[in-house]
Amino acid sequence: MSEPLILAIDTSCDDTSTAVTAGTKVLSNVIASQTQLHAPYGGVFPTVAKQAHKENINQTIKIALKRAKVTWDKISAIAVTQGPGLAPSLEVGIAKSKELATKHKLPLIAVNHIEAHALSPLANSGVDHQFPALAIVVSGGHTDFIKITQIGEYERLGFSIDDAAGEALDKVGRMLNLGYPAGPIIEQFAKKGDSKKHSVPLPMTGREDFNMSFSGLKTWARNKLEQIETQNTLNKQDTYDFAASFQYGVFRHICYKLNKLLKQHQISEVWLGGGVAANIEIRRMIRETLKSHNIKLFTPYSKRLCMDNAAMIGVVAGFKFEQQQFVKNIKELERRPRWEINT
Ligand code: AMP
Ligand code: MG
């Protein structure tokens, strides 16, 4: 029997995304990006995001169905991101999912956005996975190590106690006037720079836990830039070197904690997800770290699956459909802006 078709919606932050999935197979994944709208603010402006979601959502649903070549009568369930995310943004997707589930008499599946990033490497992958797996979710809002005993059973073993890794890259990118979001630009600049030019401190080494902290790195960057600029203004090559050094510092911190974690926990494979997972250098450095533990890394099949997207919501919903984990009272489903994965 073929897998049930799910229409998935994600409006957790600044991208309006809808997808059609069947199990882990992605039939369509539409993303209406709001990056241009928020760029002048240097970050996501919640009321602007909400308005744009409202304007885009119907059209993205239409396109997702069209690209998947399916009609409403073939859809078996609606899935929606319940949290975490920006409250005004989440609200738009949840309201739409309730409306559609009621109209088409379909079950509704509520999905945790971080669980979706964690399982995003499973999208379109036919591989049999070995458990326990460790998901590393690195995005603009999260930097988490999540142990997966089986799908649906999670334990967060480590997390950033302040800024997320993507957030730190974005903030330092802003200091360098690289625009928003700066993560992808830092990656390009870093390719032309010397990552050893500045030695970025390695935080939290004295602690036994697997938590991370990126705000000290950001302060280091601000002080260092001030110091350099008292002598001369940064030229192009200086900026490349700074981007390379800072990016290396952020990823080295993650890899240091990952290595520590793997020495103490038996893990069979590692899955990487979230916006920063699109970065080739973080993948390389994590693979390097995993080598000595003889562990393989799985990453999402495309950059679109790294950024916020509804296909990964559909993938999680596929597993929940198997378990018949539907929202009991559709009218009462509420957004959960601070929903952590193991709560
Ligand atoms: P998300 O929170 O999952 O939507 O991811 C967005 C975050 O990922 C932002 O902080 C971006 O700067 C960051 N990001 C996206 N692409 C890259 C990249 N290639 N390298 C580093 N960071 C990236
Ligand atoms: Mg995200």
Q) Only one of these conditions is not met by G173: (1) open to solvent by 30 Å² or more (accessible area, probe 1.4 Å); (2) more than 14 Å from ligand 2 (Cβ to nearest atom). Which number is it? A) (1)
Q. Considering only residues of region 309-326 that are open to solvent by 30 Å² or more (accessible area, probe 1.4 Å) and in a loop (DSSP other than H, G, I, E, B), which is farthest from A95 (Cα to Cα)?
A. Q323
Q) Among all residue pairs at least 6 apart or on different chains, which show Cβ distances below 9 Å where the first residue, located in region 197-215, is without any contact (Cβ under 8 Å) to a residue 24 or more places away in the chain and the second is outside any loop (DSSP other than H, G, I, E, B)? A) E208/K260
Q: For L290, work out the one condition from (1) farther than 15 Å from N112 by Cβ; (2) in a loop (DSSP other than H, G, I, E, B) it doesn't fulfil.
A: (2)
Q | Selection within region 141-169 - outside any helix (DSSP H, G or I), surrounded by fewer than 24 Cβ atoms within 10 Å (Cβ to Cβ) and within 9 Å of ligand 1 (Cβ to nearest atom) | A | G141, A164
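Let's see how each residue does on (1) under 20 Å from E334 (Cβ atoms); (2) charged (D, E, K, R); (3) modelled with pLDDT of 95 or more; (4) away from ligand 1 (no atom under 16 Å from the Cβ):
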| site | (1), (2), (3), (4) |
| --- | --- |
| R67 | no, yes, yes, yes |
| D73 | no, yes, yes, yes |
| A79 | yes, no, yes, yes |
| S97 | yes, no, yes, yes |
| N112 | yes, no, yes, no |
| L119 | no, no, yes, no |
Q: Search region 224-243 for residues being surrounded by 15 or more Cβ atoms within 10 Å (Cβ to Cβ) and within 17 Å of K171 (Cβ to Cβ), and hand back the single one that is nearest to ligand 1 (Cβ to nearest atom).
A: A243
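Determine, yes or no, whether L134 is outside the structural domain of K25 (by TED's automatic domain parsing), buried (at least 17 other Cβ atoms within 10 Å of the Cβ) and away from ligand 2 (no atom under 16 Å from the Cβ). Lay out the reasoning, then the answer.
Working: outside the structural domain of K25 (by TED's automatic domain parsing): yes; buried (at least 17 other Cβ atoms within 10 Å of the Cβ): yes; away from ligand 2 (no atom under 16 Å from the Cβ): yes.
Yes: the conditions hold for L134.
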Q) Which ranges mark the strands (runs of 3 or more DSSP E) fully within region 1-115 that have 2 or more residues being within 26 Å of G166 (Cβ to Cβ) and open to solvent by 10 Å² or more (accessible area, probe 1.4 Å)? A) 25-33
Q: Residues being touching a Gly at 6+ places or on another chain (Cβ under 8 Å) and of a type in the set (K, R): count how many of those fall in region 1-39.
A: 0
Q. Which one is farthest from D128 (Cα to Cα) among residues in region 249-274 that are in contact (Cβ under 8 Å) with a residue 40 or more places away in the chain and open to solvent by 70 Å² or more (accessible area, probe 1.4 Å)?
A. R252
(Q) Being open to solvent by 80 Å² or more (accessible area, probe 1.4 Å) and at positive phi is the filter here; which residues of region 176-223 pass it? (A) N177
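Assess whether G93 counts as being modelled with pLDDT under 95 and either away from ligand 1 (no atom under 13 Å from the Cβ) or assigned by TED's automatic domain parsing to the domain that holds V270 (or both).
In short, no.
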Q | Complete set of residues in region 236-268 that are charged (D, E, K, R) and more than 15 Å from L157 (Cβ to Cβ) | A | K236, D238, D241, R252
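The values are calculated or read from the model by the stated rules, or taken from the named source; none is laboratory data. Computed from a predicted structure; not experimentally measured. Counting neighbours? That spans all protein chains shown, and the Cβs are built from the backbone with ideal geometry, glycine included. Side chains are part of the model used for accessible areas, which takes the heavy atoms of the whole protein and leaves out ligands, DNA and RNA. Shrake-Rupley method; radii C 1.70, N 1.55, O 1.52, S 1.80 Å.
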